[in-house]
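Read-outs: derived from the displayed coordinates by stated rules, not from any lab. Small disclaimer: the values here were computed from a predicted structure and weren't measured. Glycine gets a Cβ as well: all are built from the backbone with ideal geometry, and neighbour counts include every protein chain shown.
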Amino acid sequence: MRKLKLQMQMTIDGFVAGPEGELDWMAGDPDDEKLFGLINELTDSSDVILMGRKMTGEFVTSWEDVVNNQPDNPWHEFAKKMVDMKKLVFSKTVTSMNGDNVSVENGDVVNAVNELKGAEGKDIVVYGGAGFVSSLLDHGLIDELNLFINPTAIGSGMRIFSDRTKLKLVSSEAYRSGVVVNTYVPEG
């Protein structure tokens, strides 16, 4: 069975976005080859990206802009992967969205994700947004959490955990940018 792997940026105080969805606190460093290697490894182990509707527009537009207009961007090759990979967007309000390799799922999230996990293929990666990831966690659908803990506290914002969640630490590694990647699996 395929695994559903979360890859998400988080502040040191547990927020995945500011109160209005701001992401300006991330400590991304395109020159951190070791961290970039991990991101590539997680991406290459998957063949589908799951996302909630609210984050999809900016995600798709940003990567397509890098591919189409920024050939010298250090993220260009990675952006091509993001554009080429199948993206499945969960929404209760829209039936289609713009972008290459983007489709929309309007059905029950539990049934749809379990069907995907049971199909042939590589693992599945989920990037967000906060509400969508929270729903996946609440339903016990995420098999591995890769939390990129940034060396920033923002005091308030959006969280993905809505209740007590027991996790088992599988690995933890610090990177030059100050980001610490903690990998967890659900316990129990």
Task: Share, in percent, of DSSP beta bridges within the chain that are antiparallel, nearest 5 - done: 35 percent
Open item on the list: Just to be sure I understand: of the beta bridges DSSP finds with both ends in the stretch 82-188, what percent are antiparallel, rounded to 5?
Closed with: 75 percent
Task: Globularity index of the chain, i.e. its alpha-carbon radius of gyration over 2.2 N^0.38 Å - done: 0.99
Task: Listed residue (Ala130, Thr93, Ala79) projecting farthest to the positive dipole end of the stretch 77-140, Cβ model - done: Ala79
- [ ] Mind checking which lysines have their Cα closer than 21 Å to the Cα of Lys87? Skip sequence neighbours fewer than 8 apart in that chain.
- [x] Lys3, Lys5, Lys54, Lys117, Lys122
TODO: Could you run the Karplus curve 6.51 cos²θ - 1.76 cosθ + 1.60 with θ = phi - 60° over the stretch 177-188 and give me ³J(HN,Hα) per residue in whole Hz, x for Gly and Pro?
DONE: 6, x, 6, 10, 9, 9, 10, 10, 10, x, 9, x
Task: Backbone N within the stretch 56-97 under 17 Å of label point (7 Å from Ala119 Cα along the Cβ vector) - done: 84-91, 96-97
Task: Computed FRET value (nearest 0.05) for Asp138 with His76, which takes r as the C-beta separation and R₀ as 41 Å - done: 0.65
- [ ] Which order do the peptides 171-180, 137-146 take when ranked by the mean count of other beta-carbon atoms within 10 Å per residue, highest first?
- [x] 137-146, 171-180
